[in-house]
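The values are calculated or read from the model by the stated rules, or taken from the named source; none is laboratory data. Since the model is a prediction, treat every value here as computed from it, not as a measurement. A quick note on method: Cβ atoms are made from the backbone with ideal geometry, for glycine too, and the neighbour counts reach across all protein chains shown. For accessibility, only protein heavy atoms count, side chains too; no ligands or nucleic acids. Shrake-Rupley method; radii C 1.70, N 1.55, O 1.52, S 1.80 Å.
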Amino acid sequence: MERKTPLISPEDLRRQEEISDYIKTWWQGQGITPTAYVETYGCQQNEADSEQIRGILDRCGYGFTDSAEGADLVIINTCAIRDHAVQRVFGNVGALVHTKRRHPGQKIFVCGCMMGNPEISGRMKNSYTHVDGIFSPHHLWQLPEHLYRVLIRHRKAWAVEDSAGAIAEGLPVIRTNNLKAWVSIMYGCNNFCTYCIVPYVRGRERSRLPEDILAECRELIAAGYKEITVLGQNVNSYGKDLGMDIDFADLLASIAELEGEFTLRFMTSHPRDASHKLFDTMAAHPKIAKQFHLPFQSGNDRILKAMNRHYDRAKYLELIDYGRSLMPELVYTSDVIVGFPGETEEEFEDTIRLIERVRFDALFTFIYSPRPGTPAAELPDPTPKEEKNRRFDRLLQVQNTISEEKHRAYIGKTLRVLVDGKDGDKLTARTDGGRLVRLAGDDSLIGQFIRVTITDATTWSLIGALTP
Ligand code: 5AD
Ligand code: SF4
């Protein structure tokens with residue numbers, strides 16, 4: 001099989017670099033070091049994209065600031081997954097009218113998943129006339145060109161044409177954290193879960209070549225990074241488009257075999273494609289964190305079918321049990337949606353029963369939000385909002401009790417953790433399973449793997465003490 005994914009050609013990438021250099025010289029010619037403010041909404045994939053945006057802007061001569069006020073350039077990287085996120089972005093972009101009035105030279109770009117949806121990007125273009133440019137995730141690599149058009153040609157830049165998407169290798173990156181790095185291994189999604197807008201805004205699944213991913217991981221480890229999280233909307237389908245003899249478990253194993261002291265994490269997985277081989281690989285490699293984020297979305301088979309998830313409750317539980325049979329300490333987390341159109345009380349109870357059966361360490365819980373253009377948005381949805389809120393609160397209550405019980409079970413245990421920062425006067429650290437630990441200790445421990453004994457626990461975190 002031939003590789004299906006088009007790569008952006010080196011000539012096209014070089015051209016963007018030339019434009020970046022031109023913009024840098026243009027600013028220098030005016031004796032100005034311009035500042036940029038990048039604001040990110042949504043998931044880790046967007047965070048990773050913003051790191052590339054910062055890398056490109058750095059090449060264009062920009063320094064960075066942490067407020068839109070007074071910045072020469074504002075870039076808002078948006079999320080479209082739920083209506084709430086979309087409305088927040090519209091509100092915040094609207095408010096930029098004022099910062100621009102106070103600093104008339106300010107240029108404003110809006111990018112990310114919202115701009116991958118024609119209705120939303122159309123509304124941004126037509127109603128927010130202070131916005132200078134918009135670009136969808138497919139057009140991120142052309143940022144220098146968009147900037148050139150706005151800054152030098154005094155035109156608006158609209159880059160939202162639909163495409164299946166390509167891969168741009170070797171874009172510059174400025175990472176916000178020097179211990180933990182995100183590495184995208186693939187982009188897009190082919191699953192078309194009926195509630196989800198992602199496949200429409202991020203295009204089809206396309207995998208980076210293993211050698212490019214390994215080279216990036218090697219560099220990160222050499223630069224002192226202690227945690228690598230490989231990212232994709234559905235990492236379990238990694239490689240299917242490559243026409244090579246490699247799957248996600250193989251890729252994970254080859255990263256885990258790299259020299260150096262680091263923890264390897266991954267997200268997000270789809271139960272349909274999560275294989276026993278992946279669990280076997282996790283169990284066999286000490287550097288792969290014993291944490292699995294496996295979204296189940298609903299505990300009811302009729303709802304799972306209506307969501308187009310391609311697995312049932314029994315298959316999900318079989319995976320959970322298989323993982324635990326190999327790794328009793330495995331930490332499971334998950335995503336769940338409450339109030340999918342037509343969900344009955346009894347069907348919701350199946351979700352509660354699944355939560356009680358699995359006993360996740362933590363859950364990301366969402367109330368269904370209709371996304372225009374997706375099949376589920378066309379379904380009748382007779383359940384009142386108040387009823388959905390009630391189900392949501394009940395679910396949270398059940399999960400919070402479980403989270404607290406699971407956390408309390410850590411008390412007295414001694415664990416290896418990576419100290420990753422500070423919060424108030426306490427150090428923060430993560431266990432191998434990704435649980436947050438707070439402890440007293442010297443700042444010099446930040447960046448080190450240490451052993452702590454857990455002395456107390458809450459619903460959301462563990463309290464630890466350095467083990468002598
Ligand atoms: N409404 C509510 N939650 C959603 N998610 C995705 N689309 C929607 C939607 N329309 C949730 C899913 C997914 C997580 C990232 O967001 O649980 O796993
Ligand atoms: Fe959305 Fe489903 Fe793809 Fe996840 S797997 S991004 S929920 S369509």
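Taking ILE197 as the residue in question, decide whether it is within 16 Å of ligand 1 (Cβ to nearest atom) and crowded, with 20+ Cβ neighbours inside 10 Å. Walk me through it before giving the result.
Working: within 16 Å of ligand 1 (Cβ to nearest atom): yes; crowded, with 20+ Cβ neighbours inside 10 Å: yes.
Yes.
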Restricting attention to segment 342-368, which residues are buried (at least 20 other Cβ atoms within 10 Å of the Cβ) and more than 26 Å from the chain's Cα centre (by Cα)? GLU343, PHE348
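Could you name every one of the helices (runs of 4 or more DSSP H) located completely within segment 108-220 that has at least 2 residues being more than 26 Å from ASP58 (Cβ to Cβ), more than 16 Å from ligand 2 (Cβ to nearest atom) and in the same structural domain as THR65 (by TED's automatic domain parsing)?
On the way: elements: 118-127, 143-151, 198-202.
Those helices (runs of 4 or more DSSP H) span 118-127.
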Condition set touching a residue at least 40 places away in the same chain (Cβ under 8 Å) and part of a loop (DSSP other than H, G, I, E, B), scope segment 451-468, selection most open to solvent (accessible area, probe 1.4 Å): answer is TRP460
Of residues in segment 257-280 being among the small types (Gly, Ala, Ser) and open to solvent by less than 10 Å² (accessible area, probe 1.4 Å), the one farthest from ligand 1 (Cβ to nearest atom): ALA274
Before we move on, is GLY91 in contact (Cβ under 8 Å) with a residue 24 or more places away in the chain and open to solvent by 30 Å² or more (accessible area, probe 1.4 Å)? no
Selection status of TYR311, within 16 Å of ligand 2 (Cβ to nearest atom), surrounded by fewer than 20 Cβ atoms within 10 Å (Cβ to Cβ) and either in a loop (DSSP other than H, G, I, E, B) or at pLDDT 95 or above (or both): yes
